[in-house]
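The values are calculated or read from the model by the stated rules, or taken from the named source; none is laboratory data. None of the values given here were measured: they were computed from a predicted structure. Don't worry about glycine lacking a Cβ; one is built from the backbone with ideal geometry, like all the others, and counts go over all protein chains shown. Each accessible area value is taken on the protein alone, full model and side chains, heavy atoms only, with ligands, DNA and RNA left out. Shrake-Rupley method; radii C 1.70, N 1.55, O 1.52, S 1.80 Å.
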Amino acid sequence: MVDFSPLYALIGLLPLDCLQPRFMQQALLGLLLLTPMAAVLGVQVINFRMAFFSDAIGHSAFAGVALGLILSVNPRLSMPLFGVLVGLAVMAVRRKSNLSADTAIGIVFSAVVAFGLAVVSRAGGVARDMQQFLYGDILTISEGEIAFLALLFPAILLFQAVGYNRLLAIALNPVMARVHGVRVALWQYVFAGLLALVVMFSVWAVGVLLVTAMLIVPAATARNLARTAGGMFWWALLAGVSSGFAGLTLSAQDWLATAGGATIILVSCCWFAASCAWTALRGHRRA
């Protein structure tokens, strides 16, 4: 097991009393790994017009957890594995048919939700364990999950470094990208698999109901503020990471005492509102 004690010690140096307990340090470290991955992939979700994708993957969490409980498999393992399978299935349906992305995602989404409800209704005791995944709770993240995020982080970083321009070309025109030698199918499937993993970890942080916002809102904020494709990447990182940090610390204050996941998304939405105001002001000045 990786020793994160030096990182916890660094977090403990921050002049915030709420970050002194170990579980808060673990939660912040998890968010500092998760939010940049979600923000960066969110930019490509917008470019691919796949905002509905995260909803489909997120709702598959119910089926993944239920299957894990029924088969005596750790839900923390069965949920991401099932999510990756659903993500690959969405991409396969999209590629192998003439359906639009939203239609393909909607079909898989409906099948996954129906399957999850059927499994939950079949095993009556399972329903009680679903609330955690409905609302999320980053405070329960374990060191094993942080270690997995620490492995996933460089994988996403390498994927972006190698494939950012290729993915942008695919988003603009997949036919032209294929003509220029881009292996469209490979990049789309890898993107879907990595996105599914990030979505599943985001479900643990903010819950099924808010998982789409964790991907989309920082990317939408970046689109309002950036003037280039590269700028959108960096603005999304800033909005995502700062929302995670501010949301967690604000939720721990006695005068607020709100759910961490909901507070993170509210801070992110404040970012978006400010970006809209800035865009309107910039347009007014030009006029």
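Below are the figures for this structure:
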{"quantity": "Search result, residues across region 170-179 that are farther than 18 Å from ALA51 by Cα and surrounded by fewer than 18 Cβ atoms within 10 Å (Cβ to Cβ)", "calculated": "ASN173, PRO174, VAL175, MET176, ARG178, VAL179"}
{"quantity": "Of residues in region 180-211 being farther than 18 Å from ILE265 by Cβ and part of a loop (DSSP other than H, G, I, E, B), the one most open to solvent (accessible area, probe 1.4 Å)", "calculated": "ARG183"}
{"quantity": "Of all residues in region 59-74 being open to solvent by 10 Å² or more (accessible area, probe 1.4 Å) and in contact (Cβ under 8 Å) with a residue 60 or more places away in the chain, the one that is farthest from VAL90 (Cα to Cα)", "calculated": "LEU69"}
{"quantity": "Search result, residues across region 1-26 that are farther than 17 Å from LEU151 by Cα, touching a residue at least 24 places away in the same chain (Cβ under 8 Å) and surrounded by 17 or more Cβ atoms within 10 Å (Cβ to Cβ)", "calculated": "LEU19, MET24"}
{"quantity": "Selected residue (criterion: nearest to ALA111 (Cα to Cα)) from residues of region 15-30 that are aliphatic (A, V, I, L, M) and in contact with a Ser or Thr (Cβ under 9 Å, 6 or more places away or on another chain)", "calculated": "ALA27"}
{"quantity": "Meets criteria (part of a helix (DSSP H, G or I) and in contact with a Pro (Cβ under 7 Å, 6 or more places away or on another chain)) for VAL86", "calculated": "no"}
{"quantity": "Residue match in region 49-58 (condition: more than 26 Å from ASN224 (Cα to Cα) and open to solvent by 10 Å² or more (accessible area, probe 1.4 Å))", "calculated": "no"}
{"quantity": "Looking only at region 243-276, and only at residues there that are surrounded by 15 or more Cβ atoms within 10 Å (Cβ to Cβ) and among the polar types (S, T, N, Q), the one that is nearest to THR221 (Cα to Cα)", "calculated": "SER275"}
{"quantity": "Evaluation of ALA39 against (1) within 15 Å of the chain's Cα centre (by Cα); (2) under 30 Å from VAL119 (Cα atoms); (3) crowded, with 24+ Cβ neighbours inside 10 Å; (4) not β-branched (Val, Ile, Thr) (one fails), failing number", "calculated": "(2)"}
